[in-house]
1. The conditions are (1) at pLDDT below 85; (2) more than 16 Å from the chain's Cα centre (by Cα), and residue 94 fails exactly one of them. Which is it?
2. Starting from the range 52-81, keep only residues that are on the phi > 0 side of the Ramachandran plot and free of Cβ contacts under 8 Å to residues at least 40 places away in the same chain, then list their pairs with residues that are surrounded by 14 or more Cβ atoms within 10 Å (Cβ to Cβ) and not in a loop (DSSP other than H, G, I, E, B) whose Cβ atoms are within a distance under 7 Å, requiring at least 6 positions of separation or different chains.
3. For the range 8-29, name all the residues that are over 10 Å from residue 48 (Cβ atoms) and touching a residue at least 12 places away in the same chain (Cβ under 8 Å).
4. Looking only at the range 11-56, count how many residues are outside any loop (DSSP other than H, G, I, E, B) and more than 20 Å from the chain's Cα centre (by Cα).
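The values are calculated or read from the model by the stated rules, or taken from the named source; none is laboratory data. This structure is a prediction, so every number in the text was calculated from the model and none was measured. Every residue, glycine among them, receives a Cβ derived from its backbone with ideal geometry; neighbour counts consider all protein chains shown.
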């Protein structure tokens with residue numbers, strides 16, 4: 001099992017282990033730039049995490065509100081990692097994300113739509129020549 005008996009766990013390491021950030025450096029940077037808050041105050045990367053605490057975490061993807069349900073010292077698979085926190089993100093934030101996803105445009109053309117094929121160009125040229 002992955003659970004250790006250690007009492008102390010740094011906030012940046014915890015956020016990395018539960019997969020909110022890809023690297024521990026990104027987690028530490030987020031803490032240093034004020035994107036991680038505890039009780040409305042900026043939380044430092046070296047802060048010790050305790051079970052039951054709530055954090056506001058702003059990642060590139062979304063604004064999380066999480067409650068710590070267990071301490072995780074090592075990075076594990078996503079299916080395992082989600083057992084160590086409870087997502088208490090407000091409903092309006094989730095709705096905002098869904099709206100953004102619906103209006104998101106990658107810039108790529110849909111398949112079979114866009115520039116005409118060689119045959120279609122010939123048909124157009126023939127039509128315009130008449």
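1. Looking at each condition in turn, residue 94 falls short on (2).
2. Note: pairs meeting the criteria are 52/68.
3. Within the range 8-29, 12, 13, 15, 16, 17, 18, 19, 20, 21, 24, 27, 28 meet the criteria.
4. Of all residues in the range 11-56, those outside any loop (DSSP other than H, G, I, E, B) come to 11-17, 24-32, 36-38, 41-42, 48, 54-56.
Among the residues that remain, those that are also more than 20 Å from the chain's Cα centre (by Cα) are: 41, 48.
Matching residues across the range 11-56 total 2.
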